[in-house]
């Protein structure tokens, strides 16, 4: 089986639009030989991730929660801080990861995603 390469240009687009397109391709829903119990042989590349359209208001208002499991262990990070710490690549990986089905195939699908800033 040969792997198909799919490229998505994120210039001027919203994060969710690019991530949902990438998730559909990774699941194999765009190919005629779609099987939900198999990982499709497709590699997805998201290019120009740093040129994605994000408003300044959204950078301040959107927050990511992380809970350690201990009392008082809830940490909140704004979207701007998340981008500064981890970069746009991790932002897109996080978005696509949340859009894939929650099963044993999800980590294998994520291996076929690359993000270029």
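The values are calculated or read from the model by the stated rules, or taken from the named source; none is laboratory data. What you see is a predicted model; the values in this text were computed from it and never measured. Note: ideal-geometry Cβ built from the backbone for every residue, glycine included; neighbour counts use all protein chains shown.
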Of the conditions (1) within 26 Å of residue 107 (Cβ to Cβ); (2) exposed (fewer than 13 other Cβ atoms within 10 Å of the Cβ); (3) at pLDDT 95 or above, the single one that residue 93 does not satisfy is (2)
Within the range 28-43, is even one residue part of a strand (DSSP E or B) and within 17 Å of residue 110 (Cα to Cα)? yes
Residue 74 - would you say it is over 24 Å from residue 3 (Cβ atoms), in contact (Cβ under 8 Å) with a residue 40 or more places away in the chain and either surrounded by 14 or more Cβ atoms within 10 Å (Cβ to Cβ) or in contact with a strand residue (DSSP E or B) (Cβ under 7 Å, 6 or more places away or on another chain) (or both)? no
Condition (residue is at pLDDT 95 or above, over 16 Å from residue 91 (Cβ atoms), loosely packed, with under 14 Cβ neighbours inside 10 Å and within 20 Å of the chain's Cα centre (by Cα)) applied to the range 50-62: is it met by at least one residue? no
What number goes with the only condition from (1) assigned to a helix (DSSP H, G or I); (2) out of contact with any strand residue (DSSP E or B) (no Cβ under 8 Å at 6 or more places or on another chain) that residue 88 does not pass? (2)
Give all pairs with beta carbons closer than 8 Å in which a residue from the range 32-53 that is on the phi > 0 side of the Ramachandran plot meets a residue that is part of a loop (DSSP other than H, G, I, E, B) and surrounded by fewer than 16 Cβ atoms within 10 Å (Cβ to Cβ); count only pairs at least 6 apart in sequence or on separate chains. 48/11; 48/116; 48/117
Filter the range 101-117 down to the residues that are touching a helix residue (DSSP H, G or I) at 6+ places or on another chain (Cβ under 8 Å) and part of a loop (DSSP other than H, G, I, E, B), then identify the one that is nearest to residue 35 (Cα to Cα). 101
